[in-house]
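> Below is a structure I'd like to ask you about.
The values are calculated or read from the model by the stated rules, or taken from the named source; none is laboratory data. Being a predicted model, the structure only gives us computed values, none of them experimental. Every residue, glycine among them, receives a Cβ derived from its backbone with ideal geometry; neighbour counts consider all protein chains shown.
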Amino acid sequence: MPGAQERVLRRRIGSVQNTKKITRAMELIAATRVVKAQQRANEARPYAEHITQVIEDLSASGADVDHPLLRQAEQVSRVGVVVLGADRGLAGAYNSNVIKTAEREIMAARAEGLSYDLVTIGRKSKAYFQFRNYPITASFEGFSEKPTFEAAADIAARVISLFTAEGGCDRIILVYTRFISMGSQEVVVRRFLPLQTVSRIAEEGDAKAVAGFEFEPSPAAVLESLLPRYVESRLFSALLEAAASELANRQRAMKAATDNAQELIVKLTRKMNQVRQDAITTEIMEIIGGAEALAEDRDEPGDLILSHLDSDPFPRHSGSGHHTAPDRTIPDPD
Amino acid sequence: MSLLVELVSPERVAYTGEAKMVICRTTTGDIAFLPGHIPFIGVLSTHPVRVQQDDGEVVIAVHQGFVEVSPPGEDGRTRVTILSDVAELADTIDVERARSAKAEAEERLRTGPGDPEAFSALRRAEVRLSAVDAA
């Protein structure tokens, strides 16, 4: 019969073991998903590159139009903050990092006396700002791990309308986590709208543009329908990077949790073994003590183990009369 | 010499292949590209794009987007890139779904005429179906 303390420890080890199984499973799931998310980010690149390429071609042909998305406000009085967070937690500091950065941006805008619009993406960021009574202009959720282009288009449409509306935002920034590698991700604050001028966008692309394109219906019309696509594709790639970062963070957090659980199991097992050994020792002592008492009752010389305990267990000469390990008596060389 | 055709959607490169001729409809009218076409950028309207190959034709349902004909690369081939939010190859289109989407959109237009979303849904379904028919 295990003792009370041993039972408690055994139960704790069991529960830690279960937790470890769960965190291990989550780690493996996140590990496979992060590979997929990276793949999706890579697959989305050609579209973004082509869109940029077309803008470069347009720029080379000298088309520079006055489009609402390009218009720089002379004085900024309202800013939009778009936060890209996750739907679920258990991803280490992923959510809190991006939320804290966004909150700092809001504080900075407030300090400058600007009003702001807050757009949250992901359940966690919405919950955070809602709980703290920040006015949330729009929120999107349910796709943080696996963003679709439709979701990006929806968000882009909302953000564009915030920007172009009368009395709307004069500047919109995007706060998200950039995926650098499996081992490192960083929170970045990017200016999202207004877009830079066409020629600036063109300069940032690396492909060389060639003049002499024919446009149908006209360069301006092409640009007109191209810029919203460009905004969507930029937002989509940010969403994909955020998803990959979220999963990488979750994998790391769950790996740490699994390791911690293992460490705890080892520690608790040691403790349990010690407690068990203590109990066994106590039990033996009790049995011996009881037997001793019985022997004393019979008033016989103690022929029991206990009576020999304080004597030399391996006597050099006479081993007779001793019940303890007589065979192990070291033979005298003489 | 042939055309190099690439169909790029935001999520991935949906199709790459060679072609003799590419026929598509821009907002101002139909246009066909042959190898050696001058660089061109056009806004596509919602209409199937037909890619003619030596051994048949590939039809792609395109819901708006752009077509870009790049100047010949180092290998001297003309590249045609179709950029579209929604681009589907005709043989991957679910005909049943497109039909039911069309019926639903028509129903919505009957009850609430002028619903732009229903109208574009109808248009998309029609393009999908016409792409399947053309293939």
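> Could you identify the single residue in B:E74, B:E68, B:E11, B:E6 that is acidic (D, E), modelled with pLDDT of 85 or more and part of a loop (DSSP other than H, G, I, E, B)?
Result of the check over B:E74, B:E68, B:E11, B:E6: B:E11.
Results for (1) more than 15 Å from the chain's Cα centre (by Cα); (2) more than 10 Å from chain A (Cβ to nearest Cβ), shown as yes or no for each residue.
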residue: B:V5; (1), (2): no, yes
residue: B:V8; (1), (2): no, no
residue: B:G17; (1), (2): no, yes
residue: B:C24; (1), (2): no, yes
residue: B:D30; (1), (2): no, yes
residue: B:P39; (1), (2): yes, no
residue: B:V43; (1), (2): no, no
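> Can we say B:V58 is out of contact with any Cys (no Cβ under 7 Å at 6 or more places or on another chain), in a strand (DSSP E or B) and at pLDDT below 90?
Taking the combined requirement at face value, the residue satisfies it.
> Here is a list: A:R234, A:R250, A:R229. Which entry is more than 10 Å from chain B (Cβ to nearest Cβ), among the basic types (K, R), in contact with a strand residue (DSSP E or B) (Cβ under 8 Å, 6 or more places away or on another chain) and more than 30 Å from A:K20 (Cβ to Cβ)?
A:R234
> Within region A:74-117, can you find the residues that are closer than 26 Å to A:T164 by Cβ, touching a residue at least 12 places away in the same chain (Cβ under 8 Å) and in a loop (DSSP other than H, G, I, E, B)?
A:Q75, A:V76, A:S77, A:G85, A:L114
> Given the structure, is A:T52 within 12 Å of another protein chain (Cβ to nearest Cβ) and hydroxyl-bearing (S, T, Y)?
Yes.
> Just to be sure before I move on: is A:F143 within 14 Å of chain B (Cβ to nearest Cβ), surrounded by fewer than 21 Cβ atoms within 10 Å (Cβ to Cβ) and over 22 Å from A:E224 (Cβ atoms) in the structure I sent?
Spelling it out, A:F143 is indeed within 14 Å of chain B (Cβ to nearest Cβ), surrounded by fewer than 21 Cβ atoms within 10 Å (Cβ to Cβ) and over 22 Å from A:E224 (Cβ atoms).
> While we're looking at this one, here's another question. Give the residue that is modelled with the lowest pLDDT, with candidates limited to residues of region A:201-234 that are aromatic (F, W, Y) and closer than 17 Å to B:V69 by Cα.
Ranking the qualifying residues of region A:201-234, first place goes to A:F213.
> Looking for whichever is at pLDDT 85 or above and exposed (fewer than 13 other Cβ atoms within 10 Å of the Cβ) here; the options are A:A293, A:A244. Which one fits?
Of A:A293, A:A244, the one residue that is at pLDDT 85 or above and exposed (fewer than 13 other Cβ atoms within 10 Å of the Cβ) is A:A293.
> Name the residue, out of B:I93, B:I60, that is in contact (Cβ under 8 Å) with a residue 40 or more places away in the chain and more than 9 Å from chain A (Cβ to nearest Cβ).
Going through B:I93, B:I60 in turn, the sole match is B:I60.
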